[in-house]
Amino acid sequence: MIAEPLIAHRAADARVALRAGELITAGRFVADAIALARLLSPAQYVLNSCRDRYFFAVGFCAALIAGRTSLLPPSRTPEMLAQLARRYPDTLYLGDDAGCVSWRGALTSPAAIGASTWKPDAAASMWPPPTIARAHAAAIAFTSGSTGEPQPQIKTWGGVVDGARAETSALQLDQTAVEDVVLIGTVSPQHMYGLESTVLMALHGPCAFAAEHPLHPDEVRAVLSQINGRRVLITAPVHLRALAESSHSMPPLDRVVSATAPLAPALAARCESIWSTRVFEVYGCTETGMVATRRTVEGPVWTTMRGVKVEQRDGEFRAYGGHVQPGRLADRLRLHGDTTFELDGRADDVVNIGGKRASLEGLNRLLLSIDGVIDGAIFLPRHCDGPAREQRLMAVVVAPDVTRRELLSALRAQIDPAFLPRPLMLVGSLPRNAQGKLPRDELLAFAEKTVRARRSQPIVGGSVACEETERFDRAR
């Protein structure tokens, strides 16, 4: 049996995590994982929904030790958990509350099942770490649902360990003492990017990670302030934009890593300037794993991680080699070779309206570049399968200090009138998940609910909120 250690830290007293700035050693982590593994009741799968990153990591490793496979839900909504319960009935549900880890089975009837609990032992320590077979199915991750139904993807232990090592090298964290690095994540560990970059890169970097899951700017700054060492912020563009807009004051950052969506070069440059740091991006997908990295301010070219190559075959772009699972990429690439490329938009995001074509990604990039826009999305509404001349785009935008008229004027100066979104609705926030993504079904439901609410609003000051669609039609 070819195996890999549970963690790659060299000694029991090495730091593997921090909670509220307090050190958690590698020996204690191993002891916690083994103790929890011994207590878990029988089940083939473990659905790990722990929000505390340390509890998540302990639960993930306990499942490995016990020979289980972790399910990593794309969201923790009741609907998603119920869907997984139907698909994987032999599942143990792991959560965290009040400083402990609890578990139970059969999500479909939770009232009939008493939860068992486990609390970590601060004085425990075990060494060396156990080994796990490389071929073991460590996790089943799910695509985000941004473009359709979430699909399961099996990840082996050997594959995710190799990916963590490749990412550490690609982000140049192995060029100095990696033990000084602390990873702070605004993304959840249930997402493949969060799992790879805030948990596995710590366990096999070997770095340390912060147990907290800060999201809002004040929370991020508070966690960063508690940490000594080389701080590496693992985040997403929507979170990074909020941080940059909130305040220039930030504890020193060794570097910033962004993924889940393209990062605007202007935002990357601004973050590097105000925080005196370096901003990197990771490109990949749930199906293949991490594929490539780039330092955003240095240009649009991506370089694949070690051993990974890209190719065009039968009209599709594919990644293979190294740690990745060979598979199709959802984007169009402009290949410079088999290890370097530029992104040329999503393979399925081109809209055709009135015989004119445009990329939704490109339209959204223009929208987010408008001064005062904090967040937003331009998209095709449901049931846009009629004649092209009848199709229309919609938009929901978070821009507290900008009017609709100003937004439309800014868009009209940059795009063809056929692609002006109608209606364009100003909202307080978008239904992004913990990774900063907008699953298509949730976005459509949110937009439809917003339209219904606006149509029901009474006349105020001589205008009717439900008339915004007609007004935008006339504005063309």
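Annotations
- Over the chain, dividing the summed -39,500 (n - 2.57) contributions of all DSSP H runs of at least 4 residues by the number of residues returns a 222 nm mean residue ellipticity of -8000 deg cm²/dmol.
- The lysines within cross-link reach of LYS309, meaning a Cα-to-Cα straight distance under 20 Å and a gap of 8 or more places when in the same chain, are LYS155.
- Modelled this way, with points 7 Å down the Cα-to-C-beta line, the labels at SER456 and ALA20 are 4.4 nm from one another.
- With contacts taken as Cα pairs under 8 Å and at least 6 residues apart, the chain reaches a relative contact order of 11 percent.
- Furthest towards positive pole of dipole, ALA137, ALA445, PRO206, structure part the chain, Cβ charges: ALA445
- Candidate cross-link partners of LYS356 among the aspartates and glutamates, defined by an alpha-carbon separation under 19 Å and a same-chain spacing of 8 or more, comprise ASP344, ASP348, ASP385, GLU390, ASP416, ASP473.
- Of VAL291, LEU368, LEU47, farthest towards positive along the dipole that unit charges on Lys, Arg, Asp, Glu beta carbons give the chain: LEU368
- The lysines within cross-link reach of LYS119, meaning a Cα-to-Cα straight distance under 17 Å and a gap of 8 or more places when in the same chain, come to none at all.
- Each Lys and Arg contributes +1 and each Asp and Glu -1, all at the Cβ; summed about the Cα centre of the chain, the dipole is approximately 560 debye.
Every read-out reported here was derived from the displayed coordinates using simple, explicitly stated rules and does not represent laboratory data. Remember, predicted model here, so these are calculated numbers, not experimental data. As a convention, Cβ positions derive from the backbone with ideal geometry for all residues, glycine included, and neighbour counts pool all protein chains shown.
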